[in-house]
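As structure tokens, the structure follows; a few thoughts come after it.
The values are calculated or read from the model by the stated rules, or taken from the named source; none is laboratory data. In this text, all values refer to a predicted model and were calculated from it rather than measured experimentally. Note: ideal-geometry Cβ built from the backbone for every residue, glycine included; neighbour counts use all protein chains shown. Heads up: the accessible areas ignore ligands, DNA and RNA and are worked out on the full protein's heavy atoms, side chains in. Shrake-Rupley method; radii C 1.70, N 1.55, O 1.52, S 1.80 Å.
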Amino acid sequence: MQQGWDTPWAGRGILHVDMDAFFASVEQLDHPEWRGRPVIVGGDRASRGVVSTCSYEARAFGVRSAMPSSQAARLCPQAVWVSPRFGRYAELSGAVREILARYTPDVEPTSIDEAYLDVTPGASGPHPVSLAEAIQREVDELSLSCSIGVATSKTVAKIASDHDKPHGITVVEPGREREFLAPLGVRALPGIGASTAARLAQSHIRTIGQLATLDHATAFRLIGSWGPDLVDRARGIDPRPVLVERGVKSISHEHTFSTDVRERSEVEDALRSLVARVAARLRKKDLVARTFTVKLRYADFSTPTVRRTVEMPTDLDEEMFPVALELLRSAWSPGTGLRLLGFGASGFADSGVQLDLFSACGPDDDVRSRRAALARGVDAVRARFGAGAVKRGAEMMDRREDPGPHSE
Amino acid sequence: MKFTVARTELLDALSIASKGLSSRTTLPILGGMLVSAEQDSITIQATDLEISIRTGCKANVESAGKIVVPGRLVTDIVRSLPEAAVTIEQQPTGAAVTCGQSSFVVRSLTPDDFPKFPDVTPSVMVSLPTDVFSNVVHQVSKAVSRDETRPVLTGVLVVVEQDSLKMVATDSYRLCVREVSVEGSGGSLEAVVPGRAIEDVSRLALSSERMGLGVSENQVVFTFGETTFVSRRIEGSFPNYRQLLPQGYETRVIIDRLELIDAVKRVSLMAVHNSPIRVKITPDERVVTLTAQTQDIGEAREDLEADAAGSPIEIAFNHAYLADGISVADSDKIAIEVVSPLKPGVIKPAEGDDFIYLLMPVRIG
């Protein structure tokens, strides 16, 4: 796939920069005596910890991320074993982001060690491959290592960055996406997990190339509402933009129902879950919002939105949900078929909360502060153990697939 | 029924009574005023069932009687008339209002349907100087809550004790206490009066030098001039505000009130959508810095010279609440006392404790 980069780049240019064994590399950077040795960053071997990251030296022994620590210890007893130091990793992650920001303002960090960059050259901009090489050199100077995928979309760039690890640059030239993806196993496609892969295997679909031959209706039947999107991505089609979070104006989530729904309880449950997602993202970004919007799409594809602005900005589910519910009830009556429901927050205020005199004995006695503390605690648990780790009672009934986030 | 009265006197009485008109259209009779004429005077009543107002004036009564007229309409008619004698007469088709060459006939309603004026027999009645009462209401009423979910906070706590009048109001974000000395009140009482009613009284009563205030089990009654103003009392106990008042402070600043209010108003221009104003007190440099910023709009900053003592501190307040407190603290120099960025700040006169405006800060994320 590696091609000379003297041919001009047609269309979008997306880089996916993925740090190689990031946590372990930081440990080897800070402890030069560990370089060249297997290093495992993770939880306690004696208890039920898991491997967070391991150096490539440790991977040679079969150690992998997310493996139980006890198993890793058996595979590689001589490894240097350290507990994670997230503060230090965040610091170096920031240093890497500074490098990326020098090349383009359009950087979308997706985790502490990964980011997408939009480096679409246009008529005369620098070639994306030259930028990838320059970025990799600068990261090398931090004594860290990254792999970069260069492609025309996020999906392909992400798969490409994983193609030649560590310290690789994989270029998928415009027009060659299908050719690059076709031989890969379906699991390589972001979003396909073990269960989806198993379902596809029953229909004898094992490679991305096979998945790309499905029509949308079949994909929908096999995988559900997300199927058509996956098939598009298998064909190298992924129009998602690089989302730059700087100056976000609104945060919203929407959910497309697989069949039109009419039941009040089902719609309100969906709304509750959308509100929870929006609230969590507001908290993550330290934003509070005053304007809330509910978006509906009826069976005839008419798509009205209703919105309301409240006096006190908030980032709490409990305060947003009643507003959302009121908006929903003003625009929709049970019995009318609904294809899509969305909830958005905008009108961000300086993150400030008016305190209340009668709960001022200590800010922690305040109902609102307690709710805020609870919300942040739940966010932290979910960040660590996954979105499903903690649920509200009302969400227990709720088994929906993850709707994608939207920011504008 | 027929009477004649000077236009100004009639208009004054109608204007007072119109504060009692209901805006609800479901009970048309509550949009009416009951006008009764007997001997040498007329009385006018209006009620929205929360408050009831009875007022009146001298009149040349030709024949006694009662009639209910549409309140706002008749008030507007009388306001538009030239300064002359106005005659109101009951006719088969309604009430005729004539003045000079102008005449109106308005449809009237049956007096029998009009609610009976509440029969209030106050256990105590005190007498207060009206201007003092009105000033105190003006100072505390900004802090009255508009949130009907906590009814007791939509009222003003009024306490008369021997020679002092005290009012307290809070919307749970700020709390305002004002105490003044009054002479010859003639008794003691305590009641929570609906904010709207007490504000109306404070404006309507100003033409009389003194006013009476009495309470019964369920009602509060105000009397001034020819007027009796009855409001329901708000049930429930008013929060114990004394325990909210901080016992001391970490930082105290004495500052010129008018300079501060002007600065707060300027900086507030950049505190849009409820963004707070940050108040930074640096005692060593004798400076108070106000800043405000709103995402996508801009920012403002102003330094003020001030006498400050204690630790440097930065605390953020809702700009409107801050401006309210400073604008009603009527002394040339005011003190601002703060304990911590999460504890209530106090605005009071540089000297004395007879005015306290307690304001909860905004916690900045």
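For the reader, a short list of remarks on this structure follows.
- As a ratio to 2.2 N^0.38 Å, the alpha-carbon radius of gyration computed for the range B:307-365 takes the value 1.10.
- Taking one quarter of the surface of the C-alpha convex hull of the range A:98-230 gives a mean projected area of 9.2 nm².
- For the protein assembly as shown, alpha-carbon Rg over 2.2 N^0.38 Å: 1.32
- At the residue level, B:V328 shows approximately 10 square angstrom of accessible surface with a 1.4 angstrom probe and all protein chains present.
- For the range B:258-290, accessible area lost to neighbouring protein chains reaches 50 Å² or more, against the chain alone with a 1.4 Å probe, at B:H273, B:N274.
- Average other protein chain Cβ within 10 Å of Cβ, residues B:357-364: 5
- Translational diffusion coefficient (Stokes-Einstein; Kirkwood radius from C-alpha pairs) of the range A:22-86 at 20 °C, 1.002 mPa s, in µm²/s: 192
- Mean ellipticity per residue at 222 nm, deg cm²/dmol - from DSSP H runs of n ≥ 4 across chain A, formula -39500 (n - 2.57): -11000 deg cm²/dmol
- By average C-beta atoms within 10 angstrom, highest first, the peptides B:235-248, A:280-293: A:280-293, B:235-248
- Across A:H216, A:H16, A:H31, the residue with the most accessible area heads the list, and the full order at a 1.4 Å probe is A:H216, A:H31, A:H16.
- Projecting the Cα positions of B:V160, B:A309, B:T228 onto the charge dipole of chain B (unit charges on Cβ atoms of Lys, Arg, Asp and Glu, taken about the Cα centre) puts B:T228 furthest along the positive direction.
- Restricting the calculation to alpha carbons of the range A:182-234 gives Rg and Dmax of 9.3, 25 angstrom.
- Cβ crowding within 10 Å averaged over residues, with A:322-334, B:9-21, A:135-147 ranked highest first: B:9-21, A:135-147, A:322-334
- Computed about the Cα centre, the dipole magnitude for chain A is approximately 1000 debye when only Lys and Arg (+1) and Asp and Glu (-1) carry charge, each at its Cβ.
- Prolate/oblate/rounded label for the range A:259-349 (Cα gyration tensor, a/c 1.5): prolate
- For A:334-344, mean number of other protein chain Cβ atoms within 10 Å: 0
- Cα gyration tensor category, rounded, prolate or oblate, for the range B:245-359 with a/c compared to 1.5: prolate
- On association of chains B and A, roughly 2200 Å² of accessible area becomes buried (total for both chains; probe 1.4 Å).
- Heavy-atom surface of the protein assembly as shown, accessible at 1.4 Å and reported per residue (Å²): 46
- For the peptide A:234-242, the mean number of other protein chain Cβ atoms found within 10 angstrom of a residue's Cβ is 0.
- Percent of Cα pairs exceeding the 26 Å cut-off, where the set is the range B:64-209: 49
- Toward the positive end of the charge dipole of the range A:169-295, with +1 on the Cβ of Lys and Arg and -1 on the Cβ of Asp and Glu, the farthest Cα among A:T256, A:A280, A:Q210 is that of A:A280.
- What you get for the range B:252-326, charging only the Cβ of Lys and Arg (+1) and of Asp and Glu (-1), is a dipole of about 180 debye around the Cα centre.
- Kyte-Doolittle at least 1.6, axis length at least 24 Å by Cα - qualifying DSSP helices, chain A: none
- Toward the positive end of the charge dipole of the protein assembly as shown, with +1 on the Cβ of Lys and Arg and -1 on the Cβ of Asp and Glu, the farthest Cα among B:A85, A:A134, A:G347 is that of A:A134.
- Along its three principal directions, the equivalent ellipsoid of chain A from the Cα gyration tensor extends over semi-axes of 37, 29, 23 Å, largest first.
- Coordinate range of the alpha-carbon atoms in the range B:2-113 per principal axis, descending: 35, 27, 27 Å.
- Within the assembled protein chains, the solvent-accessible surface assigned to A:R178 is about 120 Å², based on a 1.4 Å probe.
- Highest mean first, the peptides A:118-125, A:18-25, B:126-133 sorted by other C-beta atoms within 10 Å per residue fall in the order A:18-25, B:126-133, A:118-125.
- If you wrap chain B in the convex hull of its Cα atoms and look at it from every side, the mean projected area works out to 22.0 nm².
- B:D332 - accessible surface, heavy atoms, 1.4 Å probe, Å² rounded to 10: 130
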